[in-house]
Amino acid sequence: MPERGVRLSQIKYVIKKANRVIRGFLFAQRLTQSGSMLQVSGSHIISKCKNTKLIVGHRVMLYDQVNFYLDAPGAEIVIGDHSYINRRTEIIAKTSVRIGSGCAISWDVVITDTDYHQIVGTESTKPIVIGDEVWIGCKSIILKGVTIGTGAVVAAGSVVTRDVEPYTLVAGTPAKVIKRDIRWN
């Protein structure tokens, strides 16, 4: 009898994955460019101006309610191969947001390259670059002009206002270095 239960759970897993791949195929039709085996779960919003780019790499997984906002002509969002973005995350670009390969972005994360409003004497928009194999914890906020280096970890609930060096753990509001030369898998 346990074999039947194991087989049933395997069948459910295969059906769930097939459903995500089919949704990915349909979602890819709305993108500028998409790699193979995109998996999509649930609904998503793509809001875009003219002449914008939303590029997604190979074997990317987008969980439910990941929303993309391309809010100015020429804006681009690029997501590298083998990355996943979890539930209710919002990525907002007026210029550029680039996410590397192998990244793990948790739920309720906000990544925005703009303040939308400008304080006199400042820039309201600056590109964001997130390196390869970066882990961003839930409810974190990545603000304009930030570069996060390869292998870095952003702890849950952090607000990243400055660049993060490769293989560095940052945490807090604003995010500060907690530990250097870290590795995660």
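The values are calculated or read from the model by the stated rules, or taken from the named source; none is laboratory data. This one's a predicted model, so the numbers in the text were calculated from it and none came from an experiment. Neighbour counts are summed over all protein chains in view; Cβ atoms, including those assigned to glycine, are modelled from backbone coordinates with ideal geometry. What goes into the accessible areas is simple: the full protein's heavy atoms, side chains included, and nothing from ligands, DNA or RNA. Shrake-Rupley method; radii C 1.70, N 1.55, O 1.52, S 1.80 Å.
Between the helical axis of 2-28 and the longest alpha-carbon principal axis of the chain there is an angle of about 50 degrees.
For chymotrypsin sites (Phe, Trp or Tyr not before Pro), the sites in segment 97-185 that DSSP calls loop and that have at most 14 other Cβ atoms within 10 Å are Tyr116, Trp184. Sequence-distant contacts, meaning Cα pairs under 8 Å at least 6 residues apart, place the relative contact order of the chain at 11 percent. Taking each DSSP H run with n ≥ 4 as -39500 (n - 2.57) and averaging over every residue of the chain yields -5000 deg cm²/dmol at 222 nm.
Above 24 angstrom, tally the Cα pairs of segment 1-97 and express them as a % of all pairs, no decimals. When every Cα pair of segment 1-97 is considered, 27 percent fall beyond 24 Å. What's the carbon and sulfur percent of segment 36-185's accessible surface, probe 1.4 angstrom, rounded to a whole number? Here carbon and sulfur together make up 52 percent of the probe-accessible area. Note that the chain presents 56 Å² accessible area per residue, ligands and nucleic acids not counted, probe 1.4 Å. Extending 7 Å from Cα along the Cβ direction at Ile11 and again at Lys53 yields two label points whose distance is 4.5 nm. Measuring between their Cα centroids, segment 92-108 and segment 1-59 lie 17 Å from each other.
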